[in-house]
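Novice: Next up is a structure, given as C-alpha cells.
The values are calculated or read from the model by the stated rules, or taken from the named source; none is laboratory data. In this text, all values refer to a predicted model and were calculated from it rather than measured experimentally. Cβ coordinates were reconstructed from backbone atoms using ideal geometry, including for glycine residues, and neighbour counts include every protein chain displayed.
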Amino acid sequence: MNNQDQLKTQRKKIDEIDEKILDLLKERNSVSRDVVKKKIESQLPIFVATRELEKTRAFRKKAESRNLDPDWAEDFLRMIMASSRASQSNETFPRATRDPKHILFVGGEGGMGTLYRSIANRSNHHTYSIDKGNWYELEAIAPKIDIAIVTVPINVTENVIERLSAKLKPETILADFTSNKEKPLSAMIKHHSGPVLGLHPMHGPDVPNLSKQLMVVCPAREAEKSQWFIEQCKLWGMRIVEAEPEKHDDVMHLVQGLRHYVALLHGSFMKVHDLKPKDMLDYSSPIYRAELMMTGRIFAQDAELYADIVFANKERRELLLRFFKHHQQLARMVEADDKKGFVKEFEEVTDFFGSFAIQALEESGYLINRLADRFS
C-alpha cells in the first residue's frame with residue numbers, strides 16, 4: 001500500500017466533515033434570513049455593532065476552549081457574518097419613518113445614486129431620479145419631495161444646487177453626497193431657504209449593501225428636520241460620524257487628493273519605465289502586491305472622477321504643491337547619499353506616528369497574510 005492509499009480513510013472523513021460544515025452554513029443562513037425579517041418587522045437596524053462584538057468575543061472564547069486558534073475562529077465567523085449581510089442585499093430593509101418619504105436623487109443614474117435609490121426602494125420609500133436627460137421632469141416632481149440629494153460630479157455640484165434650489169419647496173431637505181463639504185454646503189445655504197444637510201458616504205457604488213459602511217454627516221440648517229434620514233442610514237446598518245465641514249475637508253485633502261495623486265505618480269513612473277504590473281507581481285512581496293492592487297484599482301475607474309477629486313479646490317492644489325516641495329527636500333538626501341539624514345527623518349516620523357505604527361503593523365499584517373493566502 002503506497003502513502004496515498006494510507007490517507008484515503010482520513011481524506012474521506014475530512015470530505016464528510018466539510019459536507020457537514022456546508023450543511024450547517026446553509027442552515028445558519030436560513031436562520032439569519034428569519035432574523036432579518038424580524039428586524040424589518042420591528043424596525044431594527046440590519047447591523048448592530050455591539051451585538052457583533054459580543055458574538056465575536058464569545059466565539060473566540062469557545063474556540064480557545066476547543067484548542068482552536070481564536071484569531072482564525074474570529075476570521076471564520078466574520079466571513080460568515082459578512083456573507084449573511086451580503087445575502088441581505090436582496091431583502092427589504094427597515095424604514096425609519098411611519099409613512100414612506102419621497103426621496104429625489106439628482107444624478108440618480110450614476111453609481112451612488114443608483115445604489116441609494118435601490119436601498120431606499122427596499123425600505124419602501126418613494127424614489128425619483130433626475131439627470132441630464134429628464135431635467136424637465138423636475139418641476140412636476142418637486143412639490144412632493146421630502147429630501148433632494150445631489151449626487152453629481154464635484155465640478156458641477158454648485159451649478160446643479162443653484163438650478164435645483166429654484167424648484168424646491170422651502171420644507172424640502174436639500175442634501176449632497178459630495179466628497180467636499182464647505183463649498184457645497186455654502187451653496188445650498190445660499191440658494192435654499194429650508195433644511196440643509198451635508199453627507200459624504202465613505203464607500204464606492206460597488207458595495208452589496210450599506211451595512212458597516214461609514215456616512216459622514218455635516219448638519220447645516222434645521223438639523224432636527226433631517227434626523228429621520230440619519231436614523232434611516234442607521235437602520236441600513238451604517239456607521240454615522242458627525243463632522244465640521246472645515247475639518248472634514250482638511251482630512252479629505254490627504255485621504256483623497258494626496259493619495260490619488262501619489263497613485264498617479266506611482267502608475268505613471270511604471271508606465272515610463274515599462275514596468276508592467278503583471279511582471280512585477282512575479283517578484284512582489286505580499287505588501288507590495290497589496291500596494292500595487294490599491295494603485296491598480298484606481299486606474300480601473302473613471303479618470304474624470306479622480307481629476308475632479310485631485311483638483312477639487314484651491315486648498316487641495318496648494319496642499320499638493322507643498323507636498324512637492326517637501327518631496328524635493330527629501331530628494332536632496334538621495335542626491336547627497338545622506339543615509340544619516342534618512343535615518344533621522346525616519347525616526348522623527350516614527351515618533352510622530354507613535355502607537356499608531358503598532359496598530360498599522362498589526363492591521364496591515366493581517367491584510368497581507370490574507371491576501372497572500374488567497375491569491376498567491
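Novice: Mind checking which residues of the stretch 136-154 are among the small types (Gly, Ala, Ser) and in contact (Cβ under 8 Å) with a residue 40 or more places away in the chain? Break it down into steps so the answer makes sense when it comes.
Specialist: As a first pass, look at the stretch 136-154 and keep what is among the small types (Gly, Ala, Ser): 140, 142, 148.
Matches in the stretch 136-154: Ala148 only.
Novice: Could you please find all residues in the stretch 352-376 being farther than 22 Å from Ala73 by Cβ and either at pLDDT below 85 or of a type in the set (D, E, K, R) (or both)?
Specialist: Phe375, Ser376
Novice: Sticking with this one: Determine, yes or no, whether Tyr283 is of a type outside the set (A, V, I, L, M, F, W, C), at negative phi and over 21 Å from the mean Cα position of the chain (by Cα). Before the answer, list the steps.
Specialist: On the way: of a type outside the set (A, V, I, L, M, F, W, C): yes; at negative phi: yes; over 21 Å from the mean Cα position of the chain (by Cα): yes.
Yes; evaluated as a whole, the condition is true for this residue.
Novice: Which members of the stretch 340-371 meet the condition of being over 15 Å from Ile287 (Cβ atoms), surrounded by 10 or more Cβ atoms within 10 Å (Cβ to Cβ) and of a type in the set (S, T, N, Q)?
Specialist: Matches in the stretch 340-371: Thr350, Gln359.
Novice: Which pairs turn up if I take residues in the stretch 354-376 that are assigned to a helix (DSSP H, G or I) and look for partners that are among the acidic types (Asp, Glu) with beta carbon separation below 9 Å, at least 6 apart in sequence or on another chain?
Specialist: Tyr366/Asp71; Tyr366/Asp75; Arg370/Asp75
Novice: Evaluate the following for Gln329: is it assigned to a helix (DSSP H, G or I), at pLDDT 90 or above and more than 28 Å from Pro70 (Cα to Cα)? If you could, list the steps in order and put the result at the bottom.
Specialist: Values: assigned to a helix (DSSP H, G or I): yes; at pLDDT 90 or above: yes; more than 28 Å from Pro70 (Cα to Cα): yes.
So Gln329 fits the description; yes.
Novice: Among the candidates Arg66, Arg78, Arg95, which residue alone is basic (Lys, Arg) and surrounded by 15 or more Cβ atoms within 10 Å (Cβ to Cβ)?
Specialist: On the way: Arg66 fails: surrounded by 15 or more Cβ atoms within 10 Å (Cβ to Cβ); Arg78 fails: surrounded by 15 or more Cβ atoms within 10 Å (Cβ to Cβ).
The unique qualifying residue is Arg95.
Novice: Answer yes if at least one residue in the stretch 219-241 is free of Cβ contacts under 8 Å to residues at least 60 places away in the same chain and closer than 21 Å to Val310 by Cα, and no otherwise.
Specialist: Taking every residue of the stretch 219-241 in turn, none turns out to be free of Cβ contacts under 8 Å to residues at least 60 places away in the same chain and closer than 21 Å to Val310 by Cα.
Novice: Which residue out of Asn134, Asn121, Asn155 is out of contact with any helix residue (DSSP H, G or I) (no Cβ under 8 Å at 6 or more places or on another chain) and closer than 25 Å to Leu305 by Cα? Spell out how you get there, then give the answer.
Specialist: Working: Asn121 fails: closer than 25 Å to Leu305 by Cα; Asn155 fails: out of contact with any helix residue (DSSP H, G or I) (no Cβ under 8 Å at 6 or more places or on another chain).
When all the criteria are applied, what remains is Asn134.
Novice: Kindly indicate whether Asn209 is over 17 Å from Arg117 (Cα atoms) and not charged (D, E, K, R). So that I can check it myself, show each step before the final result.
Specialist: Values: over 17 Å from Arg117 (Cα atoms): no; not charged (D, E, K, R): yes.
No; evaluated as a whole, the condition is false for this residue.
Residues are listed down the side, and each one gets a yes or a no for (1) more than 26 Å from Glu244 (Cα to Cα); (2) among the small types (Gly, Ala, Ser); (3) assigned by TED's automatic domain parsing to the domain that holds Lys39; (4) within 25 Å of the chain's Cα centre (by Cα):
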| residue | (1), (2), (3), (4) |
| --- | --- |
| Ile130 | yes, no, no, yes |
| Tyr136 | yes, no, no, no |
| Ile149 | no, no, no, yes |
| Pro153 | no, no, no, yes |
| Val156 | no, no, no, yes |
| Thr172 | no, no, no, no |
| Ser179 | no, yes, no, yes |
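Novice: Among the listed residues Ser118, Ser84, which satisfies the condition of being hydroxyl-bearing (Ser, Thr, Tyr) and in the same structural domain as Thr178 (by TED's automatic domain parsing)?
Specialist: Details: Ser84 fails: in the same structural domain as Thr178 (by TED's automatic domain parsing).
Among Ser118, Ser84, only Ser118 is hydroxyl-bearing (Ser, Thr, Tyr) and in the same structural domain as Thr178 (by TED's automatic domain parsing).
Novice: Name the residue that is nearest to Leu210 (Cα to Cα), counting only residues in the stretch 29-63 that are loosely packed, with under 13 Cβ neighbours inside 10 Å and among the small types (Gly, Ala, Ser).
Specialist: Filtering first and then ranking leaves Ala49.
Novice: Find all pairs meeting these conditions: Cβ atoms under 8 angstrom apart; at least six residues apart or on different chains; first residue within the stretch 102-123 and at positive phi; second residue outside any strand (DSSP E or B) and surrounded by fewer than 20 Cβ atoms within 10 Å (Cβ to Cβ).
Specialist: Pairs found: Gly107/Asp131; Gly107/Pro153.
Novice: Given the criterion touching a residue at least 60 places away in the same chain (Cβ under 8 Å), in a helix (DSSP H, G or I) and surrounded by 12 or more Cβ atoms within 10 Å (Cβ to Cβ), identify the matching residue among Glu315, Glu291.
Specialist: Values: Glu291 fails: touching a residue at least 60 places away in the same chain (Cβ under 8 Å).
Just one listed residue meets the conditions, Glu315.
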